[in-house]
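A.B. asks: For reference, the structure I am asking about is given below.
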Amino acid sequence: MDRLLIRGGRRIEGSVQIRGAKNAALPQIAAALLGSGRLELTNVPEVTDVDTMLALMQEFGVVATRGTGRTLVLDASGARSAQAPYDMVRRMRAGILVLAPLLARFGSARVSMPGGCAIGARPIDLHLKALDALGAEVNIESGYINARVKEGGLRGGRVVLSSPSIGATETALMAATLARGETEILNAARDPEVSDLVLTLAAMGARIAGEGTHRILVQGVEALHNARHDLITDRIEAGTYAIAAAITGGHLEILGAHLEHLGSVGAILESAGVQIWPSDRGLMVVRSGPLQGIDITTEPYPGFPTDLQAQFMALMTIALGASVVRETIYESRFMHVPELNRLGANIALQGSTALVRGVEKLHGAEVMATDLRASVSLVLAALVAEGETTVHRIYHLDRGYEALDRKLVQCGADIQRVAG
Ligand code: EPZ
């Protein structure tokens, strides 16, 4: 298993190009099953979660062709319903996103329950309730979801989400596009990736209004057709590089980033002593003065994203004073805490709250990645730790960050990737 050797103390400077959002690519790849033609996506990131999703789509006869410049063509003309097997859905929870398109296109679907993961149980009850509200019969036996449409196919209905789940909103959206009549989705997730999925579905011929708000209306249509869409850029990748510049006291232009996609993150970084503002090509981030400890609570968009919690915590480990980090989206997204403490951080956990007391300096050590965002928080801390840090199991990183080590080296970091 590859590992990274990082020598701390170098500022992150210059510019970095961010790519298409992983969490926009995954549902849109699944959405290709809704059409019987070609869906062409551009700015698709080269990350292993996308590879896993494409392997899953092959199970249904979708032909995926990667072209130059991160173009991906998905041909669903020969698609057929099949089973989404446990070993694939277990590896990547987003595999559950094929359930709705399979059901809407073929009238039935058999998809493995996704396993839990390092950050929590990851239930899918809201996905199943949404499909039930649109006229599907769903039962679970021996770890598989068996879903079929009732007589007459999917019909429009009212989907009320008890929490603004991103995945459940995407499941309801995709099923509703081909349901007979109107669907109202209440308490929908407002994230940019959900709005980007709506743009692609609309390009395929779907009739949707209200994306970006808590109430989305869908008028079902008979069929969806060929389309082409350029993915939005990855706001979590952008936030990660912003924190890389902030933690090292550097200055960085993040090309392709949009401040508005970061929701409250910009204001919170400003309060911590970081300067961040829009530039012609994206975002500028500079930190020259001291870092202040700032409290954060993760919330649904546009609140502070849970996917930047671990990265922000790394920043707070060397801030003046203390910072309270409350995680409200997942029940256990603190796997990075013991590893950050191995680097000399002073973090105490109390249920879903972490108290981070700023320290003078971090010191290099051997640490282990456990999940995608925890692993990148270790890399960020290592950039500023004295001496050498080894980050093990960095396959977690490669799931959601394209060439992170190479990009950081291009911005001045001292990082070596060691295979094996
Ligand atoms: C999406 O996951 C993202 N993944 C996650 O990013 C992100 O952390 C998460 O949204 C929250 O923002 C993709 O978009 C592929 P949720 P998703 O449904 O859709 C509970 C990363 O690092 N819940 O919004 O699975 C759930 O347990 C990944 O890129 C239910 O209870 O997240 C969690 O506590 C990690 N029942 C909360 O809602 C359900 O049916 C938010 O989950 C569904 C979710």
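The values are calculated or read from the model by the stated rules, or taken from the named source; none is laboratory data. For clarity, every value in this text was computed on a predicted model and none was experimentally measured. A quick note on method: Cβ atoms are made from the backbone with ideal geometry, for glycine too, and the neighbour counts reach across all protein chains shown. Just the protein is used for accessible areas: all its heavy atoms, side chains included, with ligands, DNA and RNA removed. Shrake-Rupley method; radii C 1.70, N 1.55, O 1.52, S 1.80 Å.
A.B. asks: I'd like the full set of residues that are in contact with a helix residue (DSSP H, G or I) (Cβ under 6 Å, 6 or more places away or on another chain) and either open to solvent by less than 40 Å² (accessible area, probe 1.4 Å) or over 30 Å from Ile124 (Cβ atoms) (or both), limited to segment 335-353.
C.D. replies: His336, Glu339, Leu340, Leu343, Ile347 - these are the residues of segment 335-353 that are in contact with a helix residue (DSSP H, G or I) (Cβ under 6 Å, 6 or more places away or on another chain) and either open to solvent by less than 40 Å² (accessible area, probe 1.4 Å) or over 30 Å from Ile124 (Cβ atoms) (or both).
A.B. asks: Something else now. Within the set of pairs 6 or more residues apart or between chains, which connect a residue that is open to solvent by less than 70 Å² (accessible area, probe 1.4 Å) inside segment 357-369 to a residue that is part of a strand (DSSP E or B) and charged (D, E, K, R) with Cβ atoms less than 6 Å apart?
C.D. replies: Hits for this filter: Gly364/Glu388.
A.B. asks: Somewhere in segment 129-144, is a residue closer than 28 Å to Gly263 by Cα and either open to solvent by less than 10 Å² (accessible area, probe 1.4 Å) or within 16 Å of the ligand (Cβ to nearest atom) (or both)?
C.D. replies: Yes - at least one qualifying residue is present in segment 129-144.
A.B. asks: Can Asn226 be described as on the phi > 0 side of the Ramachandran plot and modelled with pLDDT of 95 or more?
C.D. replies: For Asn226, the condition - on the phi > 0 side of the Ramachandran plot and modelled with pLDDT of 95 or more - is not met.
A.B. asks: Taking only pairs six or more apart or across chains, which ones have beta-carbon atoms under 7 Å, a first residue in segment 71-96 that is acidic (Asp, Glu), and a second residue that is surrounded by 18 or more Cβ atoms within 10 Å (Cβ to Cβ) and part of a loop (DSSP other than H, G, I, E, B)?
C.D. replies: These pairs meet every condition: Asp75/Val62.
A.B. asks: Same structure, new question: When you look at Ala189, is it within 20 Å of Pro300 (Cβ to Cβ), of a type outside the set (Ser, Thr, Tyr) and buried (at least 20 other Cβ atoms within 10 Å of the Cβ), yes or no?
C.D. replies: When the stated conditions are applied, Ala189 passes them.
A.B. asks: A further question follows. For segment 137-144, state whether one or more residues are of a type in the set (A, V, I, L, M, F, W, C) and either in a loop (DSSP other than H, G, I, E, B) or in contact with a strand residue (DSSP E or B) (Cβ under 6 Å, 6 or more places away or on another chain) (or both).
C.D. replies: Looking for residues that are of a type in the set (A, V, I, L, M, F, W, C) and either in a loop (DSSP other than H, G, I, E, B) or in contact with a strand residue (DSSP E or B) (Cβ under 6 Å, 6 or more places away or on another chain) (or both), one finds at least one in segment 137-144, hence yes.
A.B. asks: With closer than 30 Å to His261 by Cα and touching a residue at least 40 places away in the same chain (Cβ under 8 Å) as the only criterion, which of Arg180, Arg148, Arg190, Arg158 stands out?
C.D. replies: Of the residues listed, the single one that is closer than 30 Å to His261 by Cα and touching a residue at least 40 places away in the same chain (Cβ under 8 Å) is Arg190.
A.B. asks: Another question, if that's okay. With respect to the numbered conditions (1) open to solvent by 30 Å² or more (accessible area, probe 1.4 Å); (2) farther than 27 Å from Arg3 by Cα, which one is the sole condition not fulfilled by Thr298?
C.D. replies: Of (1) open to solvent by 30 Å² or more (accessible area, probe 1.4 Å); (2) farther than 27 Å from Arg3 by Cα, only one is false for Thr298: (1).
A.B. asks: Where in segment 165-252 are there strands (runs of 3 or more DSSP E), lying fully within it, with 2 or more residues that are within 16 Å of the ligand (Cβ to nearest atom)?
C.D. replies: Here the list reads 182-186.
A.B. asks: Mind telling me which of the residues Ala176, Ala244 ends up being touching a strand residue (DSSP E or B) at 6+ places or on another chain (Cβ under 6 Å) and hydrophobic (A, V, I, L, M, F, W, C)?
C.D. replies: Step by step, each of Ala176, Ala244 is checked, and only Ala176 is touching a strand residue (DSSP E or B) at 6+ places or on another chain (Cβ under 6 Å) and hydrophobic (A, V, I, L, M, F, W, C).
A.B. asks: Here are the criteria: (1) open to solvent by 20 Å² or more (accessible area, probe 1.4 Å); (2) closer than 20 Å to Ser165 by Cβ; (3) touching a residue at least 40 places away in the same chain (Cβ under 8 Å). Tell me which single one Met113 does not satisfy.
C.D. replies: (3)
A.B. asks: Follow-up question, since we're still on this one. Out of Ser332, Ser288, report the one residue that is surrounded by fewer than 21 Cβ atoms within 10 Å (Cβ to Cβ), among the polar types (S, T, N, Q), at pLDDT below 95 and touching a strand residue (DSSP E or B) at 6+ places or on another chain (Cβ under 6 Å).
C.D. replies: Step by step, each of Ser332, Ser288 is checked, and only Ser332 is surrounded by fewer than 21 Cβ atoms within 10 Å (Cβ to Cβ), among the polar types (S, T, N, Q), at pLDDT below 95 and touching a strand residue (DSSP E or B) at 6+ places or on another chain (Cβ under 6 Å).
A.B. asks: Moving to a separate point now. What is the residue count in segment 357-387 for residues that are farther than 17 Å from Ile415 by Cβ and either within 15 Å of the ligand (Cβ to nearest atom) or assigned to a loop (DSSP other than H, G, I, E, B) (or both)?
C.D. replies: Adding up the residues that qualify gives 9.
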